[in-house]
Amino acid sequence: MKPSHIEHIGIAVKSLKDAIPFYEEVIGIKCYAVEEVPEQKVKTAFFKVGDTKIELLESTDPEGPVGKFIEKKGEGVHHMAFAVEGLADKLLLAEKRGIQLIDKTPRKGAEGLNIGFLHPKSTFGVLTELCENPNK
Ligand code: CMX
């Protein structure tokens with residue numbers, strides 16, 4: 001895969017409004033964007049730490065992926081995303097290695113990135129996302 005860096009860490013929270021002050025006031029990083037991603041049934045808040053972002057995820061639908069996650073496991077780390085180049089090929093490569101893909105081809109995610117998810121059952125329990133910046 002040769003990722004260049006960890007693009008972001010996704011953290012499921014019940015409420016962005018309640019969670020944002022922890023990151024701003026205690027950790028000391030500024031929320032620079034809040035974006036709703038209707039296809040993923042989430043509202044997101046972004047912070048930067050070096051090249052890596054923290055993505056807080058609040059569910060907009062109890063049946064969405066984050067709504068179901070919080071119901072089952074509670075708040076906490078939801079996924080880890082790697083920045084890669086040539087996303088479509090990287091997904092094919094993972095599938096050839098026997099990894100179960102959630103997305104067989106890239107789709108649009110937050111911040112205009114192309115994304116693809118690998119199933120946590122074949123990635124040692126961590127929902128894994130691959131991201132490609134189409135403007136690079
Ligand atoms: N991390 C680790 N395990 C997870 C998980 C996660 N984030 N989400 C679900 N699971 C586990 C569940 O605990 C469950 O395990 P058991 O069978 O051992 O109980 C299993 O996966 C199935 O869980 P489920 O609640 O029945 O959920 P689904 O199978 O319907 O969906 C998944 C699971 C991963 C396929 C789905 O959440 C998905 O497609 N995720 C990718 C999209 C996404 O998460 N979008 C939100 C973020 C968007 C963004 O970053 O912008």
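For Ser15, Ser59, what's the fewest-to-most ordering of other Cβ within 10 Å of each Cβ?
On the way: Ser15 11, Ser59 21.
The order, fewest Cβ neighbours first, is Ser15, Ser59.
Simple point charges give the picture: +1 on the Cβ of Lys and Arg, -1 on the Cβ of Asp and Glu, and for the chain a dipole about the Cα centre of about 420 debye.
Taking a label point 7 Å from the Cα of Lys17 along the Cα→Cβ vector, which residues of the range 33-76 have an amide N closer than 11 Å to it? None, by backbone N distance to the label point. Applying the Kirkwood pairwise sum to the alpha-carbon positions of the range 24-78 produces a hydrodynamic radius of 12.0 angstrom.
When the chain is treated as a Gaussian network with alpha carbon springs shorter than 10 Å, the biggest mean-square fluctuation among Gly64, Gly125, Gly50 belongs to Gly50.
If I stretch the segment between Ile6 and Lys48 completely, what's the gain in nm (0.36 nm per residue apart, minus their alpha carbon distance), one decimal? It would help to have the intermediate numbers written out before the result.
Numbers: separation 42, 0.36 × 42 = 15.12 nm, distance 1.15 nm.
The span from Ile6 to Lys48 would gain 14.0 nm if fully extended.
Springs between Cα atoms under 10 Å define the GNM used for the chain, and in it the highest mean-square fluctuation of Phe46, Phe82, Phe69 occurs at Phe69.
Working from label points 7 Å from Cα in the Cα-to-Cβ sense, the Leu93 to Val26 distance is 3.8 nm.
Eigenvalues of the Cα gyration tensor times 5, then square-rooted: what semi-axes does that give for the range 1-98, in whole angstrom, largest first? Walk me through the numbers before you get to the answer.
Working: eigenvalues 125, 68, 24 Å².
Ellipsoid half-lengths, sorted descending, are 25, 18, 11 Å.
A short reminder: the numbers here are calculations on the coordinates, not readings from a lab. Keep in mind that what you see is a predicted model, and the values were worked out from it rather than measured. Methodologically, a virtual Cβ is constructed for each residue, glycine included, from the backbone with ideal geometry; neighbour enumeration extends over all protein chains shown.
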